[in-house]
Amino acid sequence: MYLSKLTFFSTHLKTLTKPLTHHHHHRHVTPLLSIRCLSYATPEEAAAARRQRKRTLRIEPPLNSIRPQRRPQNPISKNPNPNPNAPKLPEHVSALKGKRLDLHNKILTLIRENDLDEAALYTRHSIYSNCKPTIFTCNAVMAALLRQSRYSDMLSLHRFVTQAGVAANVVTHNLLINAYCDCRKTDTALEHYKQLINNAPFDPSPTTYRILVKGLVDNLKVDRAVELKDEMLEKGLVADPVVYNYLILGLVKNEDGDRALALYEELKEKLDFVNDGIVYGNLMKAYFLKGLDKEAMEIYADLSGEGSSIKMNALAYNSVLQALIKNGKSDEALQLFERMKEEHSPPRKLTVNLGSYNVMVDWFCEQGKFDDAIEVFRKMGEKRSSPDTLSFNNLIQQLCANDLMPKAEELYREMGEIPGANPDEYTYVLLIDTCFEQSRADDAAEYFGKMVESGLKPNLATYNKVVDGLIKAGKIDEANGFFSQMIVKLRLDAANFEVMLRALCEAAKLDEVLKLVSEMLKDEKVGLNSEMDEFVRDALRKEGREGDLVKLLEDKEREEREKAEALAKKAAEEAEAEAAKAAKASALAAGGTYSLFGDTKPSNGNVSPLSLFGDTKTSNSDVPSAETFSMNGEAPSGNQEGSGGAPAVEATPALGVVEETIDASDLDKELNIKGDGMMEETTEASDTDEESSIKADGVVEEIIV
DNA sequence: ATAGGGTTAG
């Protein structure tokens, strides 16, 4: 139950993110790949690979002649001249034993405890220890990060383990493709898929196609998704009902009932009989779409009939339930819901889940039957389903929108008692909005306070809403309290300061006004413009306190002057010291150098005296010091894609160095992820755009190793 | 032992 909740929550989180359009930057990646493939992350790796090749040469020929089917799909053994640069094969599951299995289990425990930071850190630290994590462990952590929509952390970890020479397997690739799809970067996902096909020493799995087809359908690219399904069949993979279901869903959403039905026919032909119930809800929707209610209900009779061999689980039933509800089959829907609950017998047979209840709640709300909605919502515990934050928010929102705030607040109070259903930003914004609508400014303020108190981070829009609302309601002190609380947290800007200043002036809270003015003067991004200056003067004049501002400004000015003087003095001292040093250096360059090297004259007259001393501080910036030079030449340059990063990997990367090259903020930029993990709204996701984000491309480039 | 179907939403 815990896991299913996690999954549910993650889909919630995933939908929270709103991707940005990125600038495509199409580059030729293929030639680089072969270079990248050469590199082993560590000398140990390279040595191990050499030993492996020797062993292979020694052992394989006789074995092959006896049992040639032993390693038929291994490109290295197929190749008469094993290319040391060939993509590395991922480790077999059998590598997961002993200490490495212990490590794996330890990290799985961290994931189960939802301590992903620790899990990721542990994985990284183990990389260069004597107990290297297997790709299975890396995948587990990456999968957990993906589930929580922590894309940049996931890509960063991936990059790290890849640079360390942990060879990716098909699951790794699927995870990356999944991440790209979730970020609406379907082009990048397809690019990655192409690289997988062309370069990886293994084939895509059925799941690869599920992920890609779902991603394309979600991003309204049904036609491309259909093409991919055909590629899947060409690869000799079995027609997958899940893949067909996504396609049918996409076509139904496009109101293309004909093609949806045709796809079902195709699937039926390939499988003889489709016993996976997942397709039938959408199939019914396709019939309904074409006005063929009778056919739709025949399908329903088939799947729900006595002795039907169609396998229905909760997901399949939910889809059918939805089809009935959305097409006016109310009695059947109610009956089906009852039946789903009856058939439910965990742990083996799961025919109802949180999703079923959500569908019912929405349906009742649609009909205005809010008490029924609340009742069915409360009853989900009977079937050992437990509501999550999203399902609470959904119901609370419908109640708020229908003048049922007391019931909404009752549900809000229940949220804290249910694990996994803590109120989130969305919950509080709903309640705050509704409170203001109902002129309950105090309560709105209280919710805002609770929101901050519980560690949630209101965004600027929420802050503005609350402060504006409080000011309008004349609650200046409360507004000012939140203002001071949020100055740093939200990096409030001049406009926010001015709103507060105006309100304080108008309320004639002069002490507060002066305090705020002093704050504004301290912040060089804010300051006091002439309009505000006048505003403040007016307010003070009314109470005869104009002098207070004059004094404040004078104090400030004196402070500034003193500061400037101190700075100037310091600069002068430094310049003097510098001059002395330079004089010393040139004296040495003129004559002193020889003494350093005995009698030998420097053969190269171009040697810069400065670089000889390695004094980077005094060196002219045009003359690269030895230090700078070696940095440019040897440091692994994971961030500079395509700029010769691969050979650098061959040097033993010290942990710190590699970590330096994996800059999470760069990865954030890569996926346009903001610091809080939220993504900006896309203006337009363009497909024809030939350019792809450099960074995203770089990752694609790098993974196929 | 590592990925994986459907629904609600600013």
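The values are calculated or read from the model by the stated rules, or taken from the named source; none is laboratory data. Quick caveat: nothing in here was measured; it's all calculated off a predicted structure. So basically every Cβ, Gly included, is an ideal-geometry build from the backbone, and we count neighbours across all protein chains shown.
Select from region A:121-142 the residues that are among the aromatic types (F, W, Y) and assigned to a helix (DSSP H, G or I) and write down the one among them that is surrounded by the most Cβ atoms within 10 Å (Cβ to Cβ).
The selected residue is A:F136.
Could you pull out every one of the helices (runs of 4 or more DSSP H) wholly within region A:462-543 that has 1 or more residues that are over 27 Å from A:D442 (Cβ atoms)?
Of the helices (runs of 4 or more DSSP H) lying wholly inside region A:462-543, those with at least 1 residues that are over 27 Å from A:D442 (Cβ atoms) span A:494-506, A:510-522, A:530-542.
Within region A:225-243, does at least one residue satisfy the condition of being in a loop (DSSP other than H, G, I, E, B) and more than 36 Å from the chain's Cα centre (by Cα)?
No, region A:225-243 contains no residue that is in a loop (DSSP other than H, G, I, E, B) and more than 36 Å from the chain's Cα centre (by Cα).
Can you tell me how many residues in region A:341-368 are touching a residue at least 40 places away in the same chain (Cβ under 8 Å), near DNA strand B (Cβ under 9 Å from one of its atoms) and of a type outside the set (V, I, T)?
The number of residues fulfilling the criteria is 4.
Considering only residues that are assigned to a loop (DSSP other than H, G, I, E, B) and basic (K, R), look in region A:146-197 and name the one that is surrounded by the fewest Cβ atoms within 10 Å (Cβ to Cβ).
Residues of region A:146-197 that are assigned to a loop (DSSP other than H, G, I, E, B), as a first pass: A:148-150, A:164-169, A:183-185.
Right, trim to basic (K, R) and you get A:150, A:184-185.
Values: A:R150: 21, A:R184: 23, A:K185: 30.
For region A:146-197, the residue satisfying everything is A:R150.
Out of the residues in region A:198-208 that are within 15 Å of DNA strand B (Cβ to nearest atom) and in a helix (DSSP H, G or I), state the one that is surrounded by the most Cβ atoms within 10 Å (Cβ to Cβ).
Out of the qualifying residues, it is A:T208.
For A:R491, state whether it is assigned by TED's automatic domain parsing to the domain that holds A:E478 and loosely packed, with under 14 Cβ neighbours inside 10 Å.
yes
Among residues belonging to region A:110-131 that are within 20 Å of A:L175 (Cβ to Cβ) and within 15 Å of DNA strand B (Cβ to nearest atom), point out the one that is modelled with the lowest pLDDT.
Looking at the filtered set, the residue picked out is A:N114.
Can you tell me which residue in region A:369-417 is farthest from DNA strand B (Cβ to nearest atom), limited to those that are over 20 Å from A:A314 (Cβ atoms) and in a loop (DSSP other than H, G, I, E, B)?
The residue in question is A:E417.
Exactly one of these conditions fails for A:K268: (1) within 10 Å of DNA strand B (Cβ to nearest atom); (2) within 18 Å of A:A316 (Cβ to Cβ). Give me its number.
Answer for A:K268: the failing condition is (1).
Any residue in region A:138-157 that is in contact with a Phe, Trp or Tyr (Cβ under 6 Å, 6 or more places away or on another chain) and more than 9 Å from DNA strand B (Cβ to nearest atom)?
No, every residue in region A:138-157 fails to be in contact with a Phe, Trp or Tyr (Cβ under 6 Å, 6 or more places away or on another chain) and more than 9 Å from DNA strand B (Cβ to nearest atom).
Test of understanding: among A:Y246, A:Y280, which residue is over 26 Å from A:Y193 (Cβ atoms) and crowded, with 24+ Cβ neighbours inside 10 Å?
Exactly one residue qualifies, and that residue is A:Y280.
Select from region A:307-340 the residues that are charged (D, E, K, R) and surrounded by fewer than 18 Cβ atoms within 10 Å (Cβ to Cβ) and write down the one among them that is farthest from DNA strand B (Cβ to nearest atom).
A:D331
Can you name every residue in region A:434-449 that is within 15 Å of DNA strand B (Cβ to nearest atom) and surrounded by fewer than 18 Cβ atoms within 10 Å (Cβ to Cβ)?
A:E437
Within region A:93-104, is even one residue farther than 30 Å from A:R184 by Cα, of a type outside the set (A, V, I, L, M, F, W, C) and crowded, with 16+ Cβ neighbours inside 10 Å?
Among the residues of region A:93-104, at least one is farther than 30 Å from A:R184 by Cα, of a type outside the set (A, V, I, L, M, F, W, C) and crowded, with 16+ Cβ neighbours inside 10 Å, which makes the answer yes.
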